[in-house]
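Student: After the structure tokens below, expect a handful of questions from me.
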Amino acid sequence: MKKLIVLLLVTVFSTTFFAQKLDRDKLDLYFQTLENNNKFMGSVALSENGIIYTRSVGYSDVETKAKPNETTKYRIGSISKSFTSALILKAMEENKLSLDTKIDQYFPSIKNANKISISNLLNHRSGIHNFTSSEDYLKWNTQKKSEKELLEIIEKGGIDFEPDSKADYSNSNYVLLSFILEKVYKKPYSEILTDKIIKPVGLKNTYFGRKINLKNNEANSYHYENEWKKEPETDMSIPLGAGAIVSTPSDLLQFADALFGGKIISEKSLKLMETLKDNYGYGLFQMPFGTKKAFGHTGGIDGFTSNYGYFPAEKVSFAFTSNGSNYTNNNIAIALLSAVFNQPYEIPTFKNIDLKTEDLDQYLGNYSSKDIPLKVTVTKSDTTLMAQATGQSAFPLEATDKNIFKFDQAGIVLEFKPAEKKMILNQGGKIYNFDKE
């Protein structure tokens, strides 16, 4: 659901064969290490012509210390878009709609509706502003919204570019696709999802989300700031087919097997989903691992994050669902795939330095850069250094060495030079220099 999408970009070398035997003990140690260091809470699964590995760590509910298991359910955020795309293509196969149809037939009051096709919504080429990026979104996202209210919000957001001139990720597109499905089937999205995918595929732990129910083995979500802190719940009337589905890693692998195995839509329709234009397919991204190529999607809503990918040539797939991440999810995907493809990977080590609140004062202030049009405000919360970039939420930093702090979840390392009033940001190998104002 969140706009930020992190694709699996891996540069390791790849061989032409996979592991003859998965080293489960090493994977167990990897996830135990993440759990011991408060880096990851959630569940993972691997499949190679059938599920070969599952693991759950952390807590599904921190307050009661409830532990997750293979059937613990998580909100999967934008992975829901893969389901919604398949539903749209299913409706096309049933002659209920055409991908070329302009959306003024359904939403005449949206700007450029007479130029925007259903296809443009599917691959984020509509130009419709992403409503979850609006500054006021987090002020109302926990409140139930009707179709009328959501359409008014999307209309108010306006247009960012001319239809089909480029691509830009927008949750608005998939909310509109959800409404189109409801109009053509004359049913709620939740029923369409159940009738067209969940029941035929036999998914036992996948459904349209409601308020989180711990008694149904569902997980609450958290962010880490010296301890796991519970996140508010987005009302599921808002994300709909853009991010309201609940599932498990095992069910996601079963969904992937069915989708790419021709059990949900035809091979011709699947090719449409896989066809990329400016890196976007219909509810799918391409994820490279060495020379191998997967199709899948990432997800994020509240404190939940998720990822799944399917390698058609190798019949290998992976999935993980998290209700608390204080680490780079890309690294978790790399570890899972390295294990199944017999590639080397390391058990991470974590080194932190305890600082007093007065030790942080030298870093506080506003920083600007000539390298990128971004300002970073550095503050503190007791003994935790906090950073906030323009237009983004504040995030906690961990001290790992003298003047060096990191935010593992986004792969950010900040190095401060207090005497020179400078800060260096390293993210993904790219270096940006900042000066203290």
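Only the coordinates and a few stated rules stand behind these numbers; no lab work does. Note that this is a predicted model, so its numbers are computed, not measured. Note: ideal-geometry Cβ built from the backbone for every residue, glycine included; neighbour counts use all protein chains shown.
Student: Here is the link list: Lys196/Lys292; Lys370/Lys430; Lys81/Lys199. Which ones come out longer than 21 Å on Cα distance? Mind showing how you got there, number by number?
Tutor: On the way: Lys196/Lys292 31 Å; Lys370/Lys430 14 Å; Lys81/Lys199 18 Å.
Long pairs (Cα-Cα over 21 Å): Lys196/Lys292.
Student: What residue among Tyr222, Tyr137, Tyr280 shows peak mean-square fluctuation when the chain is described by a Gaussian network model with Cα springs under 10 Å?
Tutor: Sorting by GNM fluctuation, first place goes to Tyr137.
Student: For the modelled label position 7 Å from the Cα of Lys111 along Cα-to-Cβ, which residues of the range 120-141 have backbone nitrogen atoms closer than 20 Å?
Tutor: Under cut-off, by backbone N: 120-122, 124-137.
Student: A further question follows. How far, in nm, would the chain grow between Ser165 and Ala419 when pulled straight, counting 0.36 nm per residue and subtracting the alpha carbon separation?
Tutor: Details: separation 254, 0.36 × 254 = 91.44 nm, distance 4.74 nm.
In short, 86.7 nm is gained.
Student: I would also like to ask the following. Asp371 label point, 7 Å along Cα→Cβ, cut-off 11 Å on backbone N: hits in the range 394-437?
Tutor: It comes to 413-415, 423-435, nothing else.
Student: What does the highest-first list of 253-262, 412-421 look like by mean Cβ count within 10 Å?
Tutor: On the way: 253-262: 20.0, 412-421: 15.1.
My ranking of the peptides, most packed first, is 253-262, 412-421.
Student: Also, I was wondering about something else. Taking K and R as +1 and D and E as -1, what net charge do the other residues with C-beta under 15 Å from the C-beta of Lys166 add up to?
Tutor: Result for the local shell: -2.
Student: For Val62, Val340, what's the fewest-to-most ordering of other Cβ within 10 Å of each Cβ? Present the calculation step by step, with values, prior to reporting the outcome.
Tutor: Numbers: Val62 18, Val340 24.
Neighbour counts put them in this order, fewest first: Val62, Val340.
Student: Any idea how far the Cα center of the range 388-420 sits from the one of the range 159-237, in Å?
Tutor: So the separation of the two Cα centres works out to 32 Å.
Student: Calculate, in nm to one decimal, what Ile404 and Phe350 gain on full extension: separation in residues at 0.36 nm each, minus their alpha carbon distance.
Tutor: On the way: separation 54, 0.36 × 54 = 19.44 nm, distance 1.35 nm.
Gain on extension, Ile404 to Phe350, equals 18.1 nm.
Student: Note down the magnitude of the dipole of the chain about its Cα centre, charges +1 on Lys and Arg C-beta and -1 on Asp and Glu C-beta and zero elsewhere, to the nearest 20 debye. Don't jump to the answer; show the numbers that get you there.
Tutor: Details: 54 positive and 52 negative charges, 170 e Å.
Value, rounded to 20: 820 debye.
Student: Here is a further query. With the chain treated as a Gaussian network of Cα nodes joined by springs under 10 Å, which of Pro232, Pro188, Pro344 yields the largest mean-square fluctuation?
Tutor: In this elastic network of the chain, the residue with the biggest mean-square fluctuation among Pro232, Pro188, Pro344 is Pro344.
Student: Still on this model: Once R0 is set to 41 Å, what does the formula 1/(1 + (r/R0)^6) return for the Cβ-Cβ distance between Glu225 and Lys271, expressed as a FRET efficiency to the nearest 0.05? Kindly include the intermediate steps, with their values, before the conclusion.
Tutor: Values: r = 45 Å, r/R0 = 1.09.
In this case the efficiency is close to 0.35.
Student: Rounded, prolate or oblate, given the Cα gyration tensor of the range 194-276, with a/c below 1.5 counting as rounded?
Tutor: Numbers: a/c = 2.30, a/b = 1.96, b/c = 1.17.
Prolate is the answer for the range 194-276, as a/c is 1.5 or above and a/b outweighs b/c.
Student: Using a Gaussian network model on the chain with a 10 Å cutoff between Cα atoms, which of Lys90, Lys196, Lys211 fluctuates the most?
Tutor: With Cα springs under 10 Å in the chain, the top fluctuation among Lys90, Lys196, Lys211 is at Lys211.
Student: Can you sort Thr305, Thr194 so the residue with the fewest Cβ neighbours within 10 Å comes first?
Tutor: Ordered from fewest to most neighbouring Cβ atoms within 10 Å, Thr305, Thr194 come out as Thr194, Thr305.
Student: Among DSSP beta bridges lying fully in the chain, give the percent that are antiparallel, nearest 5. Please report the intermediate quantities before stating the final value.
Tutor: Numbers: 79 of 82 bridges.
Roughly 95 percent of the beta bridges in the chain run antiparallel, per DSSP.
Student: Determine the alpha carbon to alpha carbon distance for each of Lys115/Lys144; Lys65/Lys356; Lys65/Lys211; Lys111/Lys166 and list only those over 23 Å.
Tutor: On the way: Lys115/Lys144 30 Å; Lys65/Lys356 29 Å; Lys65/Lys211 20 Å; Lys111/Lys166 17 Å.
Violating the 23 Å limit, Cα to Cα: Lys115/Lys144; Lys65/Lys356.
Student: On to the next question. Using +1 at the Cβ of each Lys and Arg and -1 at the Cβ of each Asp and Glu in the chain, identify which of Gly324, Asn123, Tyr345 lies farthest towards the dipole's positive end.
Tutor: Value: Asn123.
Student: Right, next: Under the 0.36 nm per residue contour assumption, what length would be gained going from the current alpha-carbon distance of Lys96 and Leu364 to full extension?
Tutor: Values: separation 268, 0.36 × 268 = 96.48 nm, distance 5.79 nm.
Full extension from Lys96 to Leu364 adds 90.7 nm.
Student: Measure off 7 Å from each Cα along the Cα-to-Cβ vector at Thr33 and Lys67, then give the distance between these two points in nanometres to one decimal.
Tutor: It is 2.2 nm.
Student: Can you sort Arg55, Arg125, Arg24 so the residue with the fewest Cβ neighbours within 10 Å comes first? Kindly include the intermediate steps, with their values, before the conclusion.
Tutor: On the way: Arg55 21, Arg125 24, Arg24 14.
With the sparsest Cβ surroundings first, the list reads Arg24, Arg55, Arg125.
Student: So, one more: What 222 nm value per residue comes from the helices of the chain, counting each DSSP H run with n ≥ 4 as -39,500 (n - 2.57) and dividing by all residues, nearest 500 deg cm²/dmol? Please list the in-between numbers first.
Tutor: Working: 10 runs with 99 residues, N = 437.
The helix-only estimate for the chain comes to -6500 deg cm²/dmol at 222 nm.
Student: Efficiency by 1/(1 + (r/R0)^6): what FRET value for Asp435 and Ser381, r their Cβ-Cβ distance, R0 = 30 Å, to the nearest 0.05? It would help to have the intermediate numbers written out before the result.
Tutor: On the way: r = 24 Å, r/R0 = 0.80.
The computed FRET efficiency comes out at 0.80.
Student: List the pairs from Lys229/Lys375; Lys73/Lys148; Lys271/Lys315 whose alpha-carbon separation is above 24 Å, in the order I gave them. Before the final figure, lay out the partial values.
Tutor: On the way: Lys229/Lys375 26 Å; Lys73/Lys148 30 Å; Lys271/Lys315 17 Å.
Going by Cα-Cα distance, Lys229/Lys375; Lys73/Lys148 fall outside the 24 Å limit.
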